[in-house]
Each structure stands twice: as structure tokens, then as C-alpha cells.
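One structure below.
The values are calculated or read from the model by the stated rules, or taken from the named source; none is laboratory data. Quantities reported herein were computed from a predicted structural model and do not represent experimental measurements. When we count neighbours, we look across all protein chains shown, and the Cβ atoms used for this are built from the backbone with ideal geometry, even at glycine. Just the protein is used for accessible areas: all its heavy atoms, side chains included, with ligands, DNA and RNA removed. Shrake-Rupley method; radii C 1.70, N 1.55, O 1.52, S 1.80 Å.
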Amino acid sequence: MIIPRYHIGPSHIAGAGKGLFLDEPVARGRVVVAPDAIPRVHSFEEIARMPDAETLLPATVRWFENAYTVTPEWPDECYVNHAFAPTGLWHLGFVFAAADLEAGTEITVDYRHLLAPGQEEEFRDSLSGDRIVGFSWEESLRTSTRALADLVV
């Protein structure tokens with residue numbers, strides 16, 4: 001569920017296609033995206049064994065530990081693109097505003113939090129050209145918890 005008013009439009013990120021843009025300002029530390037309607041989680045190994053795993057993996061998101069959702073119907077949350085210096089902070093399925101965000105801001109998150117440990121995206125970061133490789137659960141939780149604590153002080 002996306003909390004502020006928003007729209008989907010052409011991304012400002014080279015090669016990203018569409019992006020999710022705010023239609024209103026959002027203050028630092030406020031929730032931009034919150035989880036809702038999660039029918040089931042799977043282990044990454046379960047998804048990898050599915051007959052259509054190659055199609056499903058781009059629609060797979062880690063929520064916690066080894067629990068992933070698969071959303072092939074592409075809700076609007078799927079238009080949140082990757083950035084190593086994102087406008088949103090991913091933490092346990094929530095996306096928090098990483099700074100005071102103006103209307104028109106494209107929401108991005110660091111995909112390393114969403115990927116399985118060691119899983120690599122098929123594309124590279126558009127600014128640095130660096131590989132995007134999933135954090136371990138511990139690293140994701142440690143870094144996102146610290147970043148969230150810094151946002152809300």
C-alpha cells in the first residue's frame with residue numbers, strides 16, 4: 001500500500017522504464033509504502049524450485065530472514081526502482097522517506113535489501129555501474145535498522 005498520493009511515470013533512471021513519483025511532499029522518516037495483503041511467503045529455495053522460477057524471480061522480494069513474496073501481477077509498489085543512494089529506506093517491507101521529499105520525487109530503494117543473499121540483479125546500478133548483490137539477512141537488518149534510527153531522531 002502506497003501511503004501518499006502518487007503517480008506512475010517514466011523513470012529518471014536510465015533503462016528503468018517506469019517509476020513511482022510522489023504527488024505531495026513527505027517528511028523525513030515518514031512511511032511511503034507499507035505492506036498489505038501478503039497472502040503467503042516462500043523460502044527462496046521453494047521459489048527456485050518452481051517450474052516458472054525464472055519468470056517469478058524478478059517479482060520476488062525478501063521481507064525478512066528467508067521469507068519472500070512473489071507478486072507477478074506487478075502492483076504499483078513494483079515501480080519503486082533501485083538506487084545505491086535511494087530516496088526511500090527499505091526496512092522489513094516498509095519504505096520510509098530517507099529525507100524530506102518534495103512532490104515530484106521518484107521513490108527508490110536499495111535493492112540489496114530485497115534480494116536473496118548473494119543473488120545478483122540482471123542489471124547494474126545506473127549511476128555507478130556496480131553490481132547489485134543481495135545482502136545477507138543480518139547485514140540488511142543491521143544497516144536498515146541503523147539508518148531508520150538515524151531518520152527518526
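The table for this structure:
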| item | result |
| --- | --- |
| Strands (runs of 3 or more DSSP E) within region 1-76 that include 1 or more residues touching a strand residue (DSSP E or B) at 6+ places or on another chain (Cβ under 8 Å) and small (Gly, Ala, Ser) | 6-10, 18-22, 67-70 |
| Region 84-105: number of residues that are open to solvent by less than 20 Å² (accessible area, probe 1.4 Å) and either in contact with a Pro (Cβ under 8 Å, 6 or more places away or on another chain) or closer than 21 Å to Gly129 by Cβ (or both) | 2 |
| Residues (under 16 Å from Ile8 (Cβ atoms) and not in a loop (DSSP other than H, G, I, E, B)) located in region 83-108 | Gly88, Val95, Glu106, Thr108 |
| Test for Ser126: is it among the small types (Gly, Ala, Ser), in contact (Cβ under 8 Å) with a residue 60 or more places away in the chain, buried (at least 16 other Cβ atoms within 10 Å of the Cβ) and not in a loop (DSSP other than H, G, I, E, B) | no |
| Those residues of region 131-153 which are open to solvent by less than 50 Å² (accessible area, probe 1.4 Å), assigned to a loop (DSSP other than H, G, I, E, B) and touching a residue at least 24 places away in the same chain (Cβ under 8 Å), in sequence order | Ile132, Gly134 |
| Unmet criterion (only one of (1) surrounded by 13 or more Cβ atoms within 10 Å (Cβ to Cβ); (2) of a type outside the set (S, T, N, Q); (3) within 23 Å of Asp125 (Cα to Cα); (4) free of Cβ contacts under 8 Å to residues at least 60 places away in the same chain) for Pro35 | (3) |
